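Read through the structure below, which is laid out as structure tokens, and then see the notes.
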Amino acid sequence: MNTSEGHALPAEAGSAPPPGPAAPATKDSGRGSVRHRPDVHKLSLLGVLAALVLVGALTKPEQFLSVQNLQLVLTQASVIGVVTVGVTFVIIGGGIDLSVGAMVALATVWATTLATQEFGLGGILLCALCVGLGCGLVNGLLVSLGGLVPFIATLAMLASARGLALQISEGRTQVVSVEPVLALGRRDAYLLGIPPIVLVFAVVTVVGWLLLNRTTFGRRTVAVGGNPEAARLAGIDVRRQRLLLYLLSGLCCGIAAFLLIVLTGSGQNTNGNLYELDAIAAAIIGGTLLSGGRGTITGSVLGVLVFTLITNLFALNNLETAVQQIAKGAIIVAAVLVQKGRKS
């Protein structure tokens, strides 16, 4: 069975140990710890990031290396990065979520109506989270209890959420007038030069990593994605696990929607356009298998940073968007080919 972050799926509590003597561990510095092989995929992603930084430093050194530009890159990566964390869990669990962009749009629109803004920052945040969780619950019920293929269920949510967002906003931009929300996006709110949006992204990333690698929930996610039937025989409630995964994805969309409201000071039915493709692509180049059973949060975050840096470099060098999309497509194809080579 595939595992995540290089950790093997432990035996269930109370199970008997395997017969025969235990394999000797390779000692490191005399402490008896097991020596792990370096993650070549993550190292290669770090190499790509280093190469992109080098290109930026050589082509537009003053603009690219400025503090303002680095803050901009991290801010742009934060919204889609939070969405990608949720999508990574869904894919590792053997599913797919095509509705994340539409859920973000619906949450931003619903949370910025005049009725919601009357409740201030707390009302906007709570509404965004509830809309994300509600959409995730519907996706989870359709997949786990309704038996729909995840592609079809989330595609239906994509269309429905976009339509509802358009109906609520009537195609207009809803401007936020709540001062505490707007204040979070100003430089006065930066902590040691770091925007609050980036700090939220960092917290979501750390919590996601711990959830995947240090909890029973993470181990069950890997088991369900790697072999659902074996997971069921091992006592895992596969349908419940899939429901929780889509709830988690919806929660991440709600958080991302609030960050987007803070960043733009508005809600629009066009928000989150193509987020589903960017999030899935970032997860794939980060090492997550589309077939499920393997993936890493750190790899997905590195994938987000790679795409964000590419966008930033193309903008600074006034290059066409079409070329940028071609470059992203080439990176995705290369990542998939590397995955196929590793499996064979």
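The values are calculated or read from the model by the stated rules, or taken from the named source; none is laboratory data. What you see is a predicted model; the values in this text were computed from it and never measured. Here the Cβ is made from the backbone with ideal geometry for all residues, glycine too, and neighbour counts use every protein chain on show. These accessible areas exclude ligands, DNA and RNA; they are computed on the full protein's heavy atoms, side chains included. Shrake-Rupley method; radii C 1.70, N 1.55, O 1.52, S 1.80 Å.
Given the range 151-230, what helices (runs of 4 or more DSSP H) lie entirely inside it while holding 2 or more residues that are without any contact (Cβ under 8 Å) to a residue 12 or more places away in the chain?
The helices (runs of 4 or more DSSP H) meeting that bar are 179-183, 196-213.
Need pairs with beta-carbon distance below 6 Å; first residue free of Cβ contacts under 8 Å to residues at least 60 places away in the same chain and more than 17 Å from residue 111 (Cα to Cα) and within the range 127-142, second in a helix (DSSP H, G or I) and open to solvent by less than 10 Å² (accessible area, probe 1.4 Å); sequence gap 6+ or separate chains.
142/153
Would you mind finding the one in 337, 319, 245, 263 that is at pLDDT 90 or above, surrounded by fewer than 24 Cβ atoms within 10 Å (Cβ to Cβ), on the phi < 0 side of the Ramachandran plot and not polar (S, T, N, Q)?
Answer to the check: 263.
Suppose we filter the range 266-298 for residues that are open to solvent by less than 10 Å² (accessible area, probe 1.4 Å) and within 15 Å of residue 102 (Cα to Cα); how many remain?
The total comes to 3.
With the condition kept exactly as written, say whether any residue in the range 290-304 is touching a Gly at 6+ places or on another chain (Cβ under 7 Å), at pLDDT 90 or above and among the hydroxyl-bearing types (Ser, Thr, Tyr). It would help to see each step written out before you state the result.
Looking only at the range 290-304, we keep the residues that are touching a Gly at 6+ places or on another chain (Cβ under 7 Å), and these are 292-293, 295-297, 299-304.
After this cut, where a residue has to be at pLDDT 90 or above as well, the list is 292-293, 295-297, 299-304.
Still in the running and among the hydroxyl-bearing types (Ser, Thr, Tyr): 296, 300.
Yes, the conditions are met somewhere in the range 290-304.
Restricting the search to the range 89-119, which residues are in a helix (DSSP H, G or I) and of a type outside the set (A, V, I, L, M, F, W, C)?
Passing the criteria: 101, 108, 116, 117.
When you go through 106, 72 one by one, which is the residue that is surrounded by fewer than 24 Cβ atoms within 10 Å (Cβ to Cβ), at negative phi and not aromatic (Phe, Trp, Tyr)?
72 is the lone residue from the list that is surrounded by fewer than 24 Cβ atoms within 10 Å (Cβ to Cβ), at negative phi and not aromatic (Phe, Trp, Tyr).
Can you confirm whether residue 250 is within 23 Å of residue 194 (Cα to Cα) and either part of a helix (DSSP H, G or I) or touching a Ser or Thr at 6+ places or on another chain (Cβ under 9 Å) (or both)?
Details: within 23 Å of residue 194 (Cα to Cα): no; either part of a helix (DSSP H, G or I) or touching a Ser or Thr at 6+ places or on another chain (Cβ under 9 Å) (or both): yes.
Against the criterion (within 23 Å of residue 194 (Cα to Cα) and either part of a helix (DSSP H, G or I) or touching a Ser or Thr at 6+ places or on another chain (Cβ under 9 Å) (or both)), residue 250 does not qualify.
Would you please name the residue that is nearest to the chain's Cα centre (by Cα), looking only at residues in the range 163-219 that are polar (S, T, N, Q) and under 19 Å from residue 104 (Cα atoms)?
205
If residue 183 satisfies every condition in (1) open to solvent by less than 20 Å² (accessible area, probe 1.4 Å); (2) within 20 Å of residue 79 (Cα to Cα) but one, which is the exception?
(1)
For residue 318, indicate whether it is closer than 18 Å to residue 249 by Cα and over 14 Å from the mean Cα position of the chain (by Cα).
Taking the combined requirement at face value, the residue does not satisfy it.
Being assigned to a helix (DSSP H, G or I) and among the charged types (D, E, K, R) is the filter here, so list the residues in the range 300-333 that pass it. Write out each step before concluding.
Looking only at the range 300-333, we keep the residues that are assigned to a helix (DSSP H, G or I), and these are 300-316, 321-333.
328 - this is the single residue of the range 300-333 that is assigned to a helix (DSSP H, G or I) and among the charged types (D, E, K, R).
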